[in-house]
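Written out below as structure tokens is the structure these notes cover.
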Amino acid sequence: MKEAGLYPYIWLNMVDLCQKLTKRKTEELRLVKYFTAVTSSHEGRRKRHLRFIEALKTTEPYIEIYEGKFYRTSEWCRKCGNNYYIYREKRTDVNIASHLINDAVDNVFDVAYLVTGDSDLVPALEIAKQRNSKKKYGVWFPPKRYSFDLKRITDFYKTIPDNIIKNSQFPDPVEDAGKKINKPERWR
């Protein structure tokens with residue numbers, strides 16, 4: 001979203017977005033699975049992300065949220081010889097892949113849409129298609145993201161239009177049982 005110049009639009013109602021992406025007469029959106037990991041290395045980002053997840057939870061039961069982890073690892077700099085720490089997101093891709101295959105085998109969907117540009121999911125799509133060839137698989141590429149490998153393996157693909165993202169925002173504030181969840185100031 002940042003790379004696409006859509007940073008002010010990351011207060012995104014994922015359920016509303018997915019409903020707009022599945023506006024065909026023959027389709028009914030049943031569930032959105034959101035896979036993420038909340039950083040522990042940057043307090044401001046962590047708080048904003050947790051607030052966003054809190055807003056997403058107001059769309060239950062149409063959304064399920066699955067969290068991966070960030071792990072701190074030590075890296076060695078070849079130029080200066082010093083060690084430094086970086087944080088790497090883990091489990092998100094594996095969670096997506098596991099759910100996709102499991103849901104295909106369990107006959108949970110007729111059509112699965114992936115909102116991603118990550119070609120790491122190609123093996124999971126291949127397995128899901130092998131395990132249940134009657135299902136359809138599509139990918140919606142976020143703005144400024146694309147994968148030829150995903151395009152090749154899915155039944156259909158498109159890039160999410162900017163105007164759909166702009167028109168799929170949570171209100172500010174989101175109200176939940178009398179509680180107000182405000183859009184983070186930095187996202188305005």
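Using modelled backbone amide H atoms (1.01 Å from N, in-plane), which distant-in-sequence or interchain residues come within less than 5 Å of LYS33's amide H?
The list, which skips near neighbours in sequence, is GLU64.
Nearest 0.05, what FRET efficiency do VAL105 and GLU43 give at R0 = 41 Å with Cβ-Cβ as r? Walk me through the numbers before you get to the answer.
Working: r = 40 Å, r/R0 = 0.98.
Computed FRET efficiency for VAL105 and GLU43 comes out at 0.50.
If you average the alpha carbon positions of region 121-143 and of region 1-73, how far apart do those two centres end up, in angstrom?
Centre-to-centre distance over Cα atoms comes out at 20 Å.
Among DSSP beta bridges lying fully in region 7-187, give the percent that are antiparallel, nearest 5. List each step's numbers first, then the result.
Details: 12 of 26 bridges.
Just about 45 percent of them are antiparallel.
Sorted by mean Cβ packing within 10 Å, highest first, what order do the peptides 96-107, 78-89 take? Let's see the in-between values first.
Details: 96-107: 16.4, 78-89: 9.4.
Top to bottom by mean Cβ count within 10 Å: 96-107, 78-89.
Quick check on region 82-188: take the gyration tensor over C-alpha atoms, sort the square-rooted eigenvalues as a ≥ b ≥ c, and tell me if it's rounded (a/c under 1.5), prolate or oblate.
Details: a/c = 1.78, a/b = 1.40, b/c = 1.27.
It comes out prolate by the Cα gyration axes.
Between ILE160 and residues 5 or more places away or on another chain, which pairs have amide H atoms under 5 Å apart, with H built 1.01 Å from N, and which residues are they?
For ILE160, whose amide H was placed from the backbone, the distant partners under 5 Å are PHE141.
Could you work out the mean projected area of the convex hull around the alpha carbons of region 42-87, in square nanometres to one decimal? Mind showing how you got there, number by number?
Values: hull surface 17.5 nm².
Mean orientational projected area (region 42-87, Cα hull): 4.4 nm².
I need the calculated FRET efficiency for the pair ALA177 and VAL94, taking r as the beta carbon distance and R₀ as 30 Å, to the nearest 0.05. Don't skip to the end; give the middle numbers.
Values: r = 34 Å, r/R0 = 1.13.
Result of the calculation: an efficiency of 0.30.
For region 107-150, count the residues as N, evaluate 2.2 N^0.38 Å, and divide the Cα radius of gyration by that value, please. Write down the numbers at each step before the final one.
Values: Rg = 10.7 Å, N = 44, 2.2 N^0.38 = 9.3 Å.
After normalising by residue count via 2.2 N^0.38 Å, the value is 1.16.
Taking θ = phi - 60°, what integer Hz values does the Karplus form 6.51 cos²θ - 1.76 cosθ + 1.60 yield along region 177-188, in sequence order, with x for Gly and Pro?
6, x, 8, 9, 10, 8, 4, x, 4, 5, 8, 7
In whole Hz, what ³J(HN,Hα) sequence does region 9-21 give by Karplus (6.51, -1.76, 1.60; θ = phi - 60°), x for Gly and Pro?
For region 9-21, the Karplus curve yields 10, 8, 7, 8, 7, 4, 5, 4, 4, 5, 5, 5, 7 Hz.
Got a sec? How would LYS47, LYS20 order by Cβ neighbour count within 10 Å, fewest to most? Walk me through the intermediate numbers first.
Values: LYS47 13, LYS20 17.
Ranked by crowding around the Cβ, least crowded first: LYS47, LYS20.
Show me, for region 34-49, the HN-Hα J-couplings you get by feeding each phi into the Karplus relation (A = 6.51, B = -1.76, C = 1.60, θ = phi - 60°), rounded to Hz, glycine and proline as x.
Those phi angles translate into 10, 10, 8, 9, 9, 5, 10, 8, 9, 4, x, 4, 4, 5, 5, 5 Hz.
What is the Cα coordinate range of the chain on the first, second and third principal axes, sorted by size from largest, in whole angstrom?
54, 47, 29
None of the figures in this text is laboratory data; all of them are computed from the coordinates on show. What you see is a predicted model, and the numbers here were worked out from it, not measured in a lab. All Cβ positions, even for glycine, are placed from backbone atoms using ideal geometry, and neighbour counts span all protein chains on display.
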